[in-house]
Structures are given as structure tokens and as C-alpha cells.
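The next block holds one structure in the form of C-alpha cells; read it before the comments.
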Amino acid sequence: MRTVVIQPVFEEWRKSARELLALRVPPDEVLWSDDAQEPGLFAPTDDASPRAAVPKVPPAFLDLARSVAAHCDARRWGVLYRVLWRLTHGGESHLLAVATDVDVRQLQQWCKAIGRDIHKMHAFVRFRLVGRDEATGREQFVAWFEPGHRIVHLAAGFFEKRFAGMDWSVLTPHECAHWDGNVLHFTPGVPRSAAPDDDALDDLWRTYYRSIFNPARLKVRAMQSEMPKKYWKNLPEAPLIAELIAESSGRVEKMLRTGLRPPKPAPNNAYLDSLRDLDAPGQPPPDEPPQTP
Amino acid sequence: MDLQHKLEILADAAKYDASCASSGAARKDSRGGAGVGSTGGAGICHSYAPDGRCISLLKVLLTNACLYDCHYCINRRSSNVQRARFTPDEVVRLTLDFYKRNYIEGLFLSSGIIRSADHTMELVIAVARMLREEHHFRGYIHLKTIPEASTALIEMAGRYADRISINIELPTQQGLARLAPEKNLARTQAAMGHIRGKIDERHGEKRKPDAPKPPPFATGQSTQMLVGADDSTDAVILRRADLLYSDYRLRRVYYSGFSPIPDPSSLLPIRPPPLVREHRLYQADWLLRFYGFKVDEITTDAAPNLDLDLDPKLAWALRNRAIFPADVNKASREILLRVPGLGVRNVERILGARRYTRLRLADLLRLRVPMKKVLPFIIAADHTPARLGLDDESLRARFLPPPRQEELDFDASQPVRGDIGSVRSGEL
């Protein structure tokens, strides 16, 4: 049995896994452990590990591994290496097609959790305007977010594409991403206090949130399954939720009590007259859905 | 009137439109440009309101003044709701300011009809044009169009928008004649046909390689049908939807349960919304689009409305017990898609895995297949359903939900309306 201590990033695992494979070390002889120190800022570059000796794996496995590496479950390195071993030395090159396999299923579930975490980061980051660059005139925004896993490097490309025309930073406890119009770069995590709390537009946004809500269709659980409470503390609209729920039944009651309003006659309007002409007899009959015989 | 007050009125006026999709647009982003915006991914829901609906787009009306008198609508001319009107510049500023803070995916702009269809369309188009041409905005734009607007204006709207839509509102002309006298089914479908032609022209694959590329056009159109405002059965609603999917290639038909509005019309007294009916229609819609069901299989002459207690796939399976049980190790994709409890993705996983292994119940459990639901309908390597299971006339009773203790609450299974969520909710 040997213990492999790695910095918890994909490239480090890949480097070690290549070496172990080259030595034909079976997965049940390896214990994987995260280096207690924070990973370096920049992913280590590929060194002169015995690349040529590594058998080919399906590209889908590398995508899966890159994503699973960001998960915080300590078992991930071991399961990844076992699947790698089975793909290359276990005679199971088709393994990824067997979605019911215990290891494959586990990797896919971790991968799904990472995908969801990234998706929620793309959804729930809220940029705050902090100023304007005097030299370039570009607006500068800063956001604070607390992802569930180490996903900042996987999620940042989206923000670069979407917000290329403004300067921005996304700050998180573990890693921060920054864009200045030219280069996307990463720095270590910072405390919450490093990010601004609010933005002048938040009030308008809350007005929108309040107004788009339909009190006649209260579905609190549906909301919470997609926007779990753990995200609420960083969402400027979330403080409204409790009062919107509390007010809703009274608002519906009021609608139900309102008197019915009779139709008003059509105003004198040339356009409405033209519609009536279109509807006049002689027009082709409207197409009706086929009726049940 | 200040901007905040206008936003309050014109967002409130827009909330009865269920559409919120921000997916399916052509891939574009802001790199190398002068502004912000990207589309082409899965679509993102940036927030959720306590009504369970996703908030993806800034969904507002340009004005809620309206010449029309659609009795289900809060903005009809007979309503005494407070009226407001944005200037195009105000909508542009709100969209950009919200977008840069990552509150939204883009803009969904609609409007009450003022002066004429063409005049209204011109105002709506002006907003989209400013966003695209003056501010280089590459985010998502959904424009509501008016069937009676000139084809040239609809084409211009399609040029700036990622999606355009016309609401069919009700599935029959009789329903429209009574509740939306200015609207007309044939005109709406004719406009949808024109839009479909433009979408095909730009995005279809038939173009010759050397032919010039037609001008930009939205990648899709969608519509909304009100449920429960008239007496149309689910069979009538689904046949209309099926026709819109097949003949007009709509991306989505949204079903919106008619819900109480302030200041209701005497022609259409309000009732509590039939939310579970809306949910069953979405499930049936998924069966049409992703499960290979024909519209006439989903309801019967004897029961033209969907069973509110059972999902439509289970109800179909109980009516068609003879084709079950299906062997998960042998049955075709078409048959597996008909098994209650097996969603599209799990069917694909089963087809992939069974090439290499004989599937047992533990395998299905690992895929999180709802076992109680599927067991009577399948054979696995270690499972054959008891014969009396499928012969038992009380089988339906086995699947009925337990009596409810509290208020009706169908939250857990409510489909999510962003397209990303839809994939998930499509797993019946």
C-alpha cells in the first residue's frame, strides 16, 4: 500500500495517476490524500512525466475527471484512479457506457453536482458597480459568491464571454477570478468583507422581483428546490421572500372580493374598425382543431 | 411618474406571460465587441419568485395601455388598472443595468396595443434596435409580436430578437370570439406560418452552399395558451398544441392556468387557478415532444380531460396494460419510453448499459428509478412482476396519491419553465 499526497487539483492528480499507471500499481494499493496546504494559484504545468507510456483513455473520461476533481469529496481521487485503471488495464474500455456501474454512477453524480454548482454560480452571482477605470473608461464590478465546491476556474470562462465589455472580479473564500478586458486571471480567496454589500440598482431589482411575483400561485417549495436557502444571504432580492409569502393570501382574497367590471364599448379607432372589417363575413373560416369523431 | 413606479406597473402587467426561456439562441458573446452579453448556452434562471417561477428575463410591457378587450387580461381596455408607459430609452437602460449586475439573461418585451398593431410593433422594435445597434448588446431578446402587424415589421423584430412569440391565448376561435374579440385564430396561425418560413429560411439546412445567407432571424418561436378561462377540454388544448408543433414548428407551447387577476371582467368571473391541470398538460406536452406519443393516445373520447390524480403516462399505461411488462434487457427504446417511471435519460442509460451487462433491480435503483412505480411494468434479470399485478383492476388505486392532510400542494413535481429545468421535469 502506498499513500499519494497531492494538491487537490486535476493536473496534480493526472500527473500522479500517470506515474502510478506506468508502474502498473493497481488501485487497491493506493491511498490518496489531499495536501493540507492550499493549492498554488496557477495549475501546475505538465512536466516531463512519462506521457508516452500512458494508454489512451476516452476524451469523455478526461472531461469527467476534470469536473470531478473540483468536488470536495475526499474519495474522488481513488474512484477516478480505479475507473482509469479499469479503462486501461481492466479490459473495460467500454466502462463509461455502463451508467449502472457503481464507480461510473458515482463519478457521474459528482460531475452532476459540479455542473449544478457552476450553473448556480452563473445564476446567482450579483455584480456590484464599484467605479470606473479612469484610463479606459470601463465600468468596474465586483461580486461575492460562496460556491459549494472548488469551481471558480471552471465557471469563470462564462463571465469572460458574457461580460467582456466591463471590468469585473468574482471573489470567493477559496479563489477569485478577475477580468480587465484582456486577461482572465486568478488570485487566492478573500474574506467576505473584501466585497461590497450592495448596489444602487438593488432597489429597482427588488421592485421588479416584487412585481413579477404572482400571489395567486404560491409555490414555495418549487422556489426553494431551485434556489435553496443557502444562496439567499448573497441575493439582494431574498429578504423580500418572507413578506411576499405572508401577503399573498390577503392579496388573492382581495381579488376574489373585487366586484366584476363590465366591458367598455370599443373606442373610436380606425385600427379597431379595420380589424372588424377583417372579421366580416366572407373571410375564410378559421381553422378549428380536429374534433374527436 | 418615476422609473420605479413605472417598473412596478409594467412588470406587474407582464407577469401573466409564463414564457421565460432563455435557451436555444444562436451562440454569440461579447468578446471583441463594445458591450456585454452572451447567448447560446442552456439558459439560466437568475432567481425564483415564491410562485415557483423562474426569473430569467426582464419581462415588462412597454405600455399597459391597450385598445383590445381580452377579458382574461388585467390590461384590457375595460380594466381600470393604473396605466404607465416606458420610453424606449428607459427600457434600454433598465435592461443593460440589470444585465451588468447579472440579475437577468436579457429582455422579454411585450406591449399593450396602442394606436395600431404596426405603431406598437415599431415601438417594440425601436428598443431592440437600440440595444443591439447602439449598445452592442448580445444578450437574449424575446419580442412579443402582433399577428396583425405588417410582415416587414415582424421580419425586423425577428432580426433583432433571439426568440419571437405570438400568444394563441385560447385553443378555439369560439373561445377567442367570446373572450378576446379583437384576436383571431386564423390570423395568428397565418403569422406563425410566416415566422416559421423566416426561421427555416435562415436556419434550415436546405440552402444551397453558394446561395447568399438570408438576413439574421430569431432561432425560434413560442406561444402561450390559457387553461381554464374557457371550457375547452384537455383534448382540444393538446390537439391545438400538437398542430402548432407539427405545422408551425414552435419551440414551446406554454400553458398558463387562468389565475385570479385584480379587477376581473364580468364576462369571466375568476376562480382559483387549476394549477395541477396546468402541470398535467405540461407532462402531456412532454409525452408528445420527447416520448413518441401521438396526441390521440393521451386522452380518450370517454375522458377528454387528463386524470388529475395520475400523470398522463401512467394513466396511458394503465389503459394499455397488454403491452407490459417490458423487459429492460430487451425492449426497444420506443417501449421503454412508455414505461411509467422511466425518463428519457434513464432510457438512454439503460440502452447503453445493457450492451455490456444484464440489468438487475439494483442497477435501476442506482439510476434512481422510482421503483414502486416501475416494478409492475418491467422485467429485469432478477424480477418478473406478479401476474396479478397487471391484471388487477385495483391497480389504479395503488398509484393514487394518499389522501391529502393539508392544502393542495403540487410543488414537488411542478415543471420548471426554463429549458434547462424542463429537461429535468421531462423525466416523468
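The values are calculated or read from the model by the stated rules, or taken from the named source; none is laboratory data. On a predicted model such as this, the values are computed, not experimentally measured, just so you know. Virtual Cβ from ideal backbone geometry, glycine too; neighbours counted across all protein chains shown.
Only one entry in B:Tyr356, B:Tyr291 is modelled with pLDDT of 95 or more, hydroxyl-bearing (Ser, Thr, Tyr) and over 27 Å from B:Ser246 (Cβ atoms), namely B:Tyr356.
Would a scan of the stretch B:375-392 turn up a residue that is among the hydroxyl-bearing types (Ser, Thr, Tyr), at pLDDT 95 or above and not assigned by TED's automatic domain parsing to the domain that holds B:Pro274? So far as the stretch B:375-392 goes, no, none of its residues is among the hydroxyl-bearing types (Ser, Thr, Tyr), at pLDDT 95 or above and not assigned by TED's automatic domain parsing to the domain that holds B:Pro274. Picking from residues in the stretch A:245-261 that are touching a Leu at 6+ places or on another chain (Cβ under 9 Å) and part of a helix (DSSP H, G or I), the one that is surrounded by the fewest Cβ atoms within 10 Å (Cβ to Cβ) is A:Ser249. Cβ-Cβ contacts under 7 Å between residues 6 or more apart (or on different chains), taken from a first residue in the stretch A:195-214 that is more than 7 Å from chain B (Cβ to nearest Cβ) to a second residue that is part of a loop (DSSP other than H, G, I, E, B), are listed as A:Asp198/A:Pro236; A:Asp202/A:Pro236; A:Arg206/A:Pro236; A:Arg206/A:Glu237.
Here A:Ala246 meets each of (1) more than 8 Å from every other protein chain (Cβ to nearest Cβ); (2) modelled with pLDDT under 95; (3) at negative phi with one exception, condition (2).
The sole residue among B:Ala229, B:Ala186, B:Ala241, B:Ala190 that is crowded, with 23+ Cβ neighbours inside 10 Å and either within 16 Å of the chain's Cα centre (by Cα) or at pLDDT 95 or above (or both) is B:Ala241.
Okay, residues lined up against (1) touching a residue at least 40 places away in the same chain (Cβ under 8 Å); (2) in the same structural domain as A:Glu29 (by TED's automatic domain parsing):
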site: A:Val83; (1), (2): no, yes
site: A:Thr88; (1), (2): yes, yes
site: A:Val102; (1), (2): no, yes
site: A:Leu107; (1), (2): yes, yes
site: A:Gly115; (1), (2): yes, yes
site: A:Gly131; (1), (2): no, no
site: A:Phe141; (1), (2): no, no
site: A:Trp144; (1), (2): yes, no
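Residues that are of a type in the set (S, T, N, Q) and either within 30 Å of B:Glu201 (Cα to Cα) or modelled with pLDDT under 95 (or both) occur in the stretch B:264-278; there is at least one. Looking at the structure I just gave you, is B:Asp51 at the interface with another protein chain (Cβ under 7 Å from one of its Cβ atoms) and touching a Phe, Trp or Tyr at 6+ places or on another chain (Cβ under 7 Å)? Yes, satisfied.
Just so you know, in the stretch B:338-358 the residues that are touching a residue at least 24 places away in the same chain (Cβ under 8 Å), buried (at least 22 other Cβ atoms within 10 Å of the Cβ) and of a type in the set (A, V, I, L, M) include one that is farthest from the other protein chains (Cβ to nearest Cβ), and it is B:Val339.
For B:Ser78, state whether it is in contact (Cβ under 8 Å) with a residue 24 or more places away in the chain and over 29 Å from A:Val220 (Cβ atoms). Here the answer is yes, as B:Ser78 does meet what is asked. Screening A:Thr187 with (1) within 12 Å of chain B (Cβ to nearest Cβ); (2) among the β-branched types (Val, Ile, Thr); (3) touching a strand residue (DSSP E or B) at 6+ places or on another chain (Cβ under 8 Å) gives one miss only, at (1). Given (1) within 11 Å of another protein chain (Cβ to nearest Cβ); (2) more than 12 Å from B:Tyr160 (Cβ to Cβ), identify the lone condition not met by B:Ser110. Among (1) within 11 Å of another protein chain (Cβ to nearest Cβ); (2) more than 12 Å from B:Tyr160 (Cβ to Cβ), the lone unmet condition for B:Ser110 is (1). Put simply, of B:Ser30, B:Ser22 the only residue that is at pLDDT below 95, surrounded by fewer than 24 Cβ atoms within 10 Å (Cβ to Cβ) and not in a strand (DSSP E or B) is B:Ser30.
For the stretch B:1-40, the set of residues classified as of a type in the set (D, E, K, R) and more than 7 Å from chain A (Cβ to nearest Cβ) consists of B:Asp2, B:Lys6, B:Asp17, B:Arg27, B:Lys28, listed by residue number.
Can A:Phe158 be described as in contact with a His (Cβ under 8 Å, 6 or more places away or on another chain) and within 10 Å of another protein chain (Cβ to nearest Cβ)? Answer is yes for this residue. The residues of the stretch B:234-270 that are of a type outside the set (A, V, I, L, M), part of a loop (DSSP other than H, G, I, E, B) and at the interface with another protein chain (Cβ under 9 Å from one of its Cβ atoms), listed by number, are B:Ser259, B:Pro260, B:Pro262, B:Asp263, B:Pro264, B:Ser266, B:Pro269. Only residues that are at the interface with chain B (Cβ under 7 Å from one of its Cβ atoms) and either small (Gly, Ala, Ser) or outside any helix (DSSP H, G or I) (or both) were counted in the stretch A:215-227, giving 5. When the criteria are applied in full, A:Phe163 meets the requirement of being aromatic (Phe, Trp, Tyr), within 30 Å of A:Leu64 (Cα to Cα) and either within 7 Å of chain B (Cβ to nearest Cβ) or over 21 Å from the mean Cα position of the chain (by Cα) (or both). Looking at A:Ala17, A:Ala65, just one residue is buried (at least 19 other Cβ atoms within 10 Å of the Cβ), modelled with pLDDT of 95 or more and more than 30 Å from B:Leu351 (Cβ to Cβ), and that residue is A:Ala17.
Scoring B:Glu205 on the criteria (1) over 18 Å from the mean Cα position of the chain (by Cα); (2) at pLDDT 90 or above; (3) more than 13 Å from chain A (Cβ to nearest Cβ) leaves a single failure, condition (2).
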